[in-house]
Amino acid sequence: MSVHRRPLRVPALPALAAVLALAGCAPGGSEARVEPPPTPPADVAGFCAALHRELPETVAGLARAEASPESDLTAAWGGSAIVLRCGIPKPPEMADPKQDGVEVNGVRWLLQKLPDSAGGGFRFITGLRLAYTEVRVDEEHSTDAGMLVGLSAAVARTVPEGISSY
C-alpha cells in the first residue's frame, strides 16, 4: 500500500515497556467525550469489540479514561490526551500516495500532523486491516512513537490483516 512508503519500525523492547509502565503516575482516569464513528457493519463492529477488550490500561503513561458515551468503538487515555475510535469509514487520505506512515509491531499506521486550528497533535489510522482504527494524540503526548506499541499489539491480536470494504 503506497500510503505507508516510509515505514519506521519500533520494536517492543523490554526497556521501553518498563519506561512506559513506570510513567503510570501521569494523570488519567478522568472522563473523555468521544464521538463514536457511524455504526459500522457487523463484522467491523465485532473486530472493534474484540479490540476494545484487549486495549491496554495505560498508554504513554496515561491511565485509561472513561469514554462518554460508552461504546466498544471508542477509548481514551489521560482524559482526552489520547483518543481511539475503531470502525471509522475508510479515510480518503488512504488513497493518497504522498501520505506518510509508520509501522509498529507489524501494524501499519497512516500518520497525519493535525493543524493548530484543530488542536494540534497527530492522527494515526491503521492500514491494511479489516477495520480502520483512528488514534488522535494531543501535542504534549505526540513526541513518543512508543505510545503506539501497546495499541499496535492489541490491533495485531484482534483485527485481521486485509483491506476493509467499509
Contacts under 8 angstrom Cβ, first residue in the range 33-54 being farther than 11 Å from L84 by Cα, partner open to solvent by 40 Å² or more (accessible area, probe 1.4 Å) and among the β-branched types (V, I, T), 6 or more apart: A45/T39
Filter pass, A23 being modelled with pLDDT under 90, outside any loop (DSSP other than H, G, I, E, B) and over 15 Å from the mean Cα position of the chain (by Cα): yes
Scan of the range 112-145 for residues that are among the aromatic types (F, W, Y) and open to solvent by 40 Å² or more (accessible area, probe 1.4 Å), ordered by number: F122
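Residue under question is V83, and the condition is that it be surrounded by 14 or more Cβ atoms within 10 Å (Cβ to Cβ), among the hydrophobic types (A, V, I, L, M, F, W, C) and in contact with a Lys or Arg (Cβ under 7 Å, 6 or more places away or on another chain); does it hold? Spell out the reasoning first.
Details: surrounded by 14 or more Cβ atoms within 10 Å (Cβ to Cβ): yes; among the hydrophobic types (A, V, I, L, M, F, W, C): yes; in contact with a Lys or Arg (Cβ under 7 Å, 6 or more places away or on another chain): yes.
Answer is yes for this residue.
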Conditions (1) among the aliphatic types (A, V, I, L, M); (2) open to solvent by 10 Å² or more (accessible area, probe 1.4 Å); (3) in a helix (DSSP H, G or I); number of the one not met by L51: (2)
The range 146-166 - residue that is open to solvent by 10 Å² or more (accessible area, probe 1.4 Å) and within 15 Å of the chain's Cα centre (by Cα) and, of those, nearest to H52 (Cα to Cα): T158
Subset of the range 96-111 that is touching a residue at least 24 places away in the same chain (Cβ under 8 Å) and over 21 Å from V155 (Cβ atoms) - its residue that is most open to solvent (accessible area, probe 1.4 Å): P97
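Would you check if there is a residue in the range 149-166 being among the aromatic types (F, W, Y) and in contact with a Ser or Thr (Cβ under 9 Å, 6 or more places away or on another chain)? Let's see the steps before the verdict.
So the first thing to find is which residues in the range 149-166 are among the aromatic types (F, W, Y), and the list is 166.
Now restrict to residues that are in contact with a Ser or Thr (Cβ under 9 Å, 6 or more places away or on another chain): none.
No: zero hits.
The values are calculated or read from the model by the stated rules, or taken from the named source; none is laboratory data. Only a predicted model underlies this, so the values are computations on that prediction, with no experimental measurement involved. Cβ: placed from backbone, ideal geometry, glycine included. Neighbour counts: every protein chain shown. SASA here: full protein model, heavy atoms, side chains in, ligands and nucleic acids out. Shrake-Rupley method; radii C 1.70, N 1.55, O 1.52, S 1.80 Å.
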